[in-house]
Amino acid sequence: MRATKTLLVVTALVLAPVPWVHLVDEEPPGNAWKLDGRLVIEGEVIDPPGRWSWLTVGRPPMAIEVLADRLVDTGHTRNMRASAGAQRPRVNEPAAAAVGLARAGVDVTFGLLVEAVDPKFDFLPEQLVITRMNGVDLVDRAAWQEAVGRAQEPVIFRSAEGRTYVGPGPLLPYEQIHVVDLAPEELDAGIGGQFAELAPIGWFRDLALGRSHGLMIALMTYADAADHDLAHGRHIAGTGGIRGDGGVTRIGGLFAKATAARNRGADVLLFPAIQAGELENFKPGRMRLLPVDTIDEAIKLLDASAAAKHGLPVN
């Protein structure tokens, strides 16, 4: 009896998912998650008309898979506690909400986070938040564009800790550069619903989960703040990052996400227009595909598609 219990416990442990690790797979599964009633802004639950879903791809690996990867070093798992801060919900969810508020007419001033990861030279730190480059303080996206326009050799940049670095060539000597608009510090927004204040939810929002739900957060925030029914009784699913200017950015795993949205019964799928080719062979069924470049285009197409569905004139 004791041996059986021990075996059951060991089996449960090795098959338990590790929530802070992401499995890197060639054909990861897609998932659709309820968003309406789970987005909280300044302590208020946001729940505009209609049904809204955000999409993810992949799954947490089991403990045995994580252990195997550590032993063999297959590179099939990614620790989300040690990735770029720009990929963390605590940073990008308030920024996405700020985009929606700005689109609804609220006066919003965006900041900027420039984060470099994976250096090309050994003398540089593995991750670095850059606050000044080519003589320009990186306070917003316009400043970033100015700094890039002042390309010089060597490139001189300063970290948030105040250290100055010099790199050969006109470009930042890192493999990955994350440039992310920041919401005002006083704006608190995130997914969590009635449990948003609980410590486990706060811990989860500090993991590097990505920015692909930014478009949906921005749209839901706008719909609520502007009292604009974008869903028109439909189930709206979508994926796409969002910039402070409302531009929609690329995401990963689009085909798997589209499959999850279709299987969940979504009426509409919003996704980055630049990736439309990835769905060339996708069979959406009754789900309508709406590729978009901006939040303004998403709003316009949602209204237009609803009007067309009900035989109403399109403004």
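Each value in this text was obtained by applying a stated rule to the coordinates, not by laboratory testing. The structure presented is a predicted model; accordingly, all values stated were derived computationally and were not measured. With ideal geometry, Cβ positions are generated from the backbone for all residues, glycine too; neighbour counts draw on all protein chains shown.
Overview of values
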read-out	value
Bins of 5 Å, starting at 0 and running to the largest distance - Cα pair percent for region 225-313	3, 14, 25, 24, 21, 10, 3, 0
Compactness of region 111-182 - radius of gyration and Dmax, Cα, Å	10.9, 31
Largest-first principal axis extents of the Cα set of the chain (Å)	69, 63, 42
Kirkwood-based Rg to Rh ratio, region 161-315, C-alpha trace	1.03
Region 95-132 versus region 222-261: alpha-carbon centroid distance in Å	21
DSSP beta bridges in region 165-315 [antiparallel fraction, %, rounded to 5]	25
Aspartates and glutamates with Cα under 17 Å of LYS257, excluding same-chain neighbours fewer than 8 positions away	ASP25, GLU26, GLU27, ASP267, GLU278, GLU280
Residue-by-residue Karplus 3J(HN,Hα) for region 282-295, coefficients 6.51, -1.76, 1.60, Hz, glycine and proline x	7, 9, x, x, 7, 6, 8, 8, 10, x, 9, 9, 9, 5
Region 219-234 - phi-based ³J(HN,Hα) in whole Hz, Karplus 6.51/-1.76/1.60, Gly and Pro as x	5, 5, 5, 4, 4, 6, 5, 8, 6, 10, 6, 7, 6, 6, x, 9
Dipole of region 175-315, positive end: most advanced residue of VAL179, ALA306, ASN263 [Cβ charges, Cα centre]	ASN263
Unit Cα scatterers, Debye sum, region 69-213: log10 I(q)/I(0) for q = 0.09 Å⁻¹	-0.34
Protection proxy ranking of 43-49, 118-124 - average other beta-carbon atoms within 10 Å, highest first	43-49, 118-124
Proximal aspartates and glutamates relative to LYS120, as straight alpha-carbon distance under 15 Å, when same-chain residues fewer than 8 apart are discounted	GLU175
Under 12 Å, Cβ to Cβ, from PRO17 - net charge with Lys/Arg +1 and Asp/Glu -1	0
Net length gained if the chain between ILE201 and GLU280 were fully extended (0.36 nm per residue, minus Cα distance)	24.7 nm
DSSP-defined antiparallel bridges as percent of all bridges, the chain, nearest 5	75
